[in-house]
Each structure stands twice: as structure tokens, then as C-alpha cells.
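Data block below; observations after.
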Amino acid sequence: MTPRTQIATSLPSKQRSGQALTPIAFVKAIVLAYEARGINPAQALVLAQIAPELLKNPAARITAEQMETISGLAMQELNDEGLGWFSRRLPWGSYGMLARASISAPNLGVALKRWCRHHGLLTDDITLALSVSGHSARLNITENRDLQDLREFCLVSVLRNVHGLACWLIDSRIPLTGAQFPFEPPAHQDVYSVLFSAPALFTSGLAAIEFDAMYLAQPLRRDEAALRQMLQRALPLTVLPYRRDRLLVQRVRQALSSQPADTHNADDLAALLALSARTLHRQLKEEGASLQALKDEVRQARAIELLQRSQRPIKQVAQAAGFQNEKSFIRAFEGWTGQPPEQFRRQGQTPVQ
């Protein structure tokens with residue numbers, strides 16, 4: 001059989017052994033898909049250890065493992081990775097095809113645009129679109145038909161699927177800055193903060209997730225071999241394995257470049273990034289970097305740009321590059337290039353590597 005790539009809409013549980021957090025409403029949506037096909041879900045419920053009486057209790061919850069089990073069984077028995085959401089089935093392996101079409105993209109932005117475009121070839125019931133406004137990236141879903149009783153399950157699952165795949169493609173947690181949904185808050189709205197780890201708005205425009213646009217420029221860190229391995233058991237693929245953003249180096253560079261006056265020391269920079277100074281140093285070390293090296297890299301690039309493209313006085317160049325005084329700047333610049341800033345400007349030379 002073709003490997004599945006759909007991601008189960010189960011909650012990332014800190015205790016994978018059995019904390020029951022996933023709302024029974026998602027199971028009831030799967031049961032509706034079975035009924036629409038005239039297939040009895042009893043066996044799948046038994047194998048997932050979901051007692052039938054739970055379906056009558058709106059407040060009931062199941063574990064992540066139970067949700068993954070029944071989702072996988074349903075996809076096989078219904079031969080539909082869409083689990084009944086759309087007007088036509090998405091045969092087993094459909095999402096694997098989308099993943100293969102995206103894996104060769106040069107960066108995450110291109111990969112997500114491919115995913116959105118190719119998803120439209122599978123079904124025109126919904127349209128996925130990626131947009132950027134300033135520093136914010138937004139992936140939204142336009143509904144082209146009434147999804148009826150499966151609406152919540154569909155919209156939540158599709159957004160979770162795209163987010164989980166995006167994290168996997170760049171091998172890093174992508175923290176969401178927001179999530180919104182066009183329907184009324186469900187009785188289990190409390191689980192949305194866990195599903196998306198971001199503030200969730202209801203009765204608000206299109207279904208969408210938002211995140212920092214800088215992630216779109218990240219190169220993919222997975223290849224075809226990794227994809228084949230992932231497809232063997234993709235259902236548990238959620239953002240859970242990415243407990244933190246692995247791309248702290250990128251965030252530090254951006255902060256140093258955009259806010260030099262507010263990042264003179266580790267404490268100020270850590271506060272800006274909502275970290276402790278100790279965590280900042282530790283995570284940078286894990287990524288093979290140091291704060292001092294990153295500061296030198298960013299300051300050197302900024303100083304060279306200003307020296308070559310402007311006639312600002314050396315004192316102003318020092319301040320713009322993030323130095324508190326001219327003497328420390330001159331000393332650092334000589335260490336980088338082997339010559340003082342004025343001489344470098346006159347000669348128009350590039351720094352010695």
C-alpha cells in the first residue's frame with residue numbers, strides 16, 4: 001500500500017502514555033464519515049479502545065494514541081485520507097504525493113505554495129493560500145462548499161497537517177502567532193490552545209494560522225530518503241517532536257540587525273527574545289554558535305556596508321553597528337579586517353578572511 005501522510009488531529013500530549021485530551025467530537029466526525037459510506041465503524045472503535053458510550057458524552061476525551069489509531073484505520077477502511085471531509089475521496093497516498101511534490105523546493109515558502117496549489121488538484125472543496133504581510137506569514141483556507149458536520153474537524157486537521165509538515169520540512173518548531181476559525185467556539189475550545197499553541201479566535205474570517213515570515217526563507221532540511229522513512233508512519237507527525245524553535249541563530253541575527261541599540265548585552269537580547277540569558281547561551285551552543293560570534297558577524301557586515309556606501313562619520317558608523325563608543329568599534333574593526341575603519345573606507349577593500 002502507498003504510505004499515508006495525513007496527520008491525525010490528536011493533541012500533542014506531554015505524557016504520550018495516555019493523557020486523555022483529544023475531544024470526542026473528532027471521533028464522532030470520523031464515525032459520520034463511516035456512516036456516509038455505509039460502513040460500520042465498530043471494529044475500528046474496538047481496536048482504538050474507544051467505548052461506544054463515549055460517543056454519547058460530549059465532554060469525553062481520548063488519548064493521542066487512540067485518535068491516531070482510529071484515524072489510521074479509517075483512512076484504510078474508507079480509502080480516504082480526507083476522512084469524509086470532501087465531495088470526493090482522497091485515495092490512500094494522496095498526501096504522500098503532495099509531500100513528494102514539495103520536498104524538492106529550495107525553501108519552505110516555495111514548498112508551502114506548492115502544497116497549496118497541488119492540494120487544489122485533489123479537491124476544489126477548499127482552497128489553501130499562503131500570503132505575507134510585513135513580517136507575518138498567513139496560511140488560510142477558503143471554503144468553496146458547505147462542509148456541514150465535518151467542518152470543524154476538516155479545518156482543524158488541514159491546518160494542523162500543514163503546520164506539522166512545515167515543521168518537519170525544516171526540522172524545527174515553527175511557533176504560531178495566531179490561529180482563527182470561522183465557526184462559533186466549540187464546547188471543547190480549551191483544547192485549541194494546545195492544538196495550536198497560540199491564541200485562537202472564533203467567528204473570525206477564514207480559517208487560518210499565522211507565523212513569522214522569516215521561516216519561509218529557510219531551506220528544507222529533509223531529502224527523499226527522509227521522506228520515505230517519514231511516510232512509513234506519518235500519522236503521529238505533529239509539532240510535538242519540535243519542543244523548541246531550533247533556529248535561534250536566525251532569530252538572534254535578526255534581532256542584532258534590526259535592534260542594535262537594544263541588544264548590547266546578553267540579558268537585553270534574551271529579554272527581547274523572551275528567554276533567559278542562560279537559555280540563550282545554551283541553545284546557541286547546541287546550534288554550534290556563540291553570541292559573541294553572531295554579534296561580530298552582524299556588526300562587521302553592518303559596519304562594512306556603511307563604510308562602503310555612506311560618508312557617515314566613524315562615530316556614527318560605530319553607533320549604527322551597535323557599539324557604545326568609537327574606540328571599541330575601531331579596536332574590533334581592526335581585529336576583523338587588519339586595518340582601521342578610515343583606511344578601509346579609503347582603500348575600498350574587502351576584509352581579510
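Selection of region 254-267 for residues being without any contact (Cβ under 8 Å) to a residue 24 or more places away in the chain and surrounded by fewer than 15 Cβ atoms within 10 Å (Cβ to Cβ) yields Ser258, Gln259, Asp262, Asn265, Asp267. Residue count for region 35-47, restricted to those that are in a helix (DSSP H, G or I) and surrounded by fewer than 21 Cβ atoms within 10 Å (Cβ to Cβ): 6. Would you check if there is a residue in region 43-54 being among the β-branched types (Val, Ile, Thr), in contact with an Asp or Glu (Cβ under 7 Å, 6 or more places away or on another chain), at pLDDT 95 or above and in the same structural domain as Met97 (by TED's automatic domain parsing)? Checked against the condition, which is being among the β-branched types (Val, Ile, Thr), in contact with an Asp or Glu (Cβ under 7 Å, 6 or more places away or on another chain), at pLDDT 95 or above and in the same structural domain as Met97 (by TED's automatic domain parsing), region 43-54 yields no hits at all. For region 67-81, the set of residues classified as surrounded by 22 or more Cβ atoms within 10 Å (Cβ to Cβ) and out of contact with any Lys or Arg (no Cβ under 7 Å at 6 or more places or on another chain) consists of Met67, Ile70, Ser71, Ala74, listed by residue number.
Within the set Phe329, Phe323, the sole residue that is at pLDDT 85 or above and within 27 Å of Met214 (Cα to Cα) turns out to be Phe323. From the list Gly338, Gly288, the one residue that fits, being at pLDDT below 90, more than 39 Å from the chain's Cα centre (by Cα), in the same structural domain as His264 (by TED's automatic domain parsing) and exposed (fewer than 13 other Cβ atoms within 10 Å of the Cβ), is Gly338.
On the stretch given as region 48-71, residues that are under 29 Å from the mean Cα position of the chain (by Cα), in a helix (DSSP H, G or I) and hydrophobic (A, V, I, L, M, F, W, C) total 3. Based on this model, can you work out whether Ser71 counts as within 22 Å of Leu231 (Cα to Cα), touching a Gly at 6+ places or on another chain (Cβ under 9 Å) and among the hydroxyl-bearing types (Ser, Thr, Tyr)? In short, no.
Scanning region 177-190 for residues that are in contact with a strand residue (DSSP E or B) (Cβ under 6 Å, 6 or more places away or on another chain) and over 16 Å from Ile141 (Cα atoms) yields Thr177, His188. Starting from residues that are of a type in the set (Gly, Ala, Ser) and farther than 26 Å from Pro23 by Cβ, keep the ones in region 123-163 and report whichever is surrounded by the fewest Cβ atoms within 10 Å (Cβ to Cβ). So the residue we want is Gly134. Across region 6-28, the qualifying residues are those that are crowded, with 23+ Cβ neighbours inside 10 Å and out of contact with any strand residue (DSSP E or B) (no Cβ under 7 Å at 6 or more places or on another chain), and the one among them that is modelled with the highest pLDDT is Phe26. For region 324-334, the condition of being more than 17 Å from Ala261 (Cα to Cα), surrounded by fewer than 20 Cβ atoms within 10 Å (Cβ to Cβ), among the hydroxyl-bearing types (Ser, Thr, Tyr) and under 41 Å from the mean Cα position of the chain (by Cα) holds for none of the residues. Of the residues making up region 237-255, none is out of contact with any His (no Cβ under 6 Å at 6 or more places or on another chain), among the small types (Gly, Ala, Ser) and modelled with pLDDT under 85. Of the residues making up region 190-223, those that are farther than 23 Å from Leu248 by Cβ, part of a strand (DSSP E or B) and either without any contact (Cβ under 8 Å) to a residue 40 or more places away in the chain or among the acidic types (Asp, Glu) (or both) are Ala200, Leu201. Against the test of being more than 13 Å from Glu210 (Cβ to Cβ), without any contact (Cβ under 8 Å) to a residue 24 or more places away in the chain and assigned to a helix (DSSP H, G or I), the options Gly164, Gly120, Gly109 yield a single qualifying residue, Gly120.
Entry remark, region 167-189: residues being modelled with pLDDT of 95 or more, of a type outside the set (S, T, N, Q) and assigned to a strand (DSSP E or B) number 1 in total.
The values are calculated or read from the model by the stated rules, or taken from the named source; none is laboratory data. Predicted, not measured: the structure shown is a model, and the values here were computed from it. Virtual Cβ from ideal backbone geometry, glycine too; neighbours counted across all protein chains shown.
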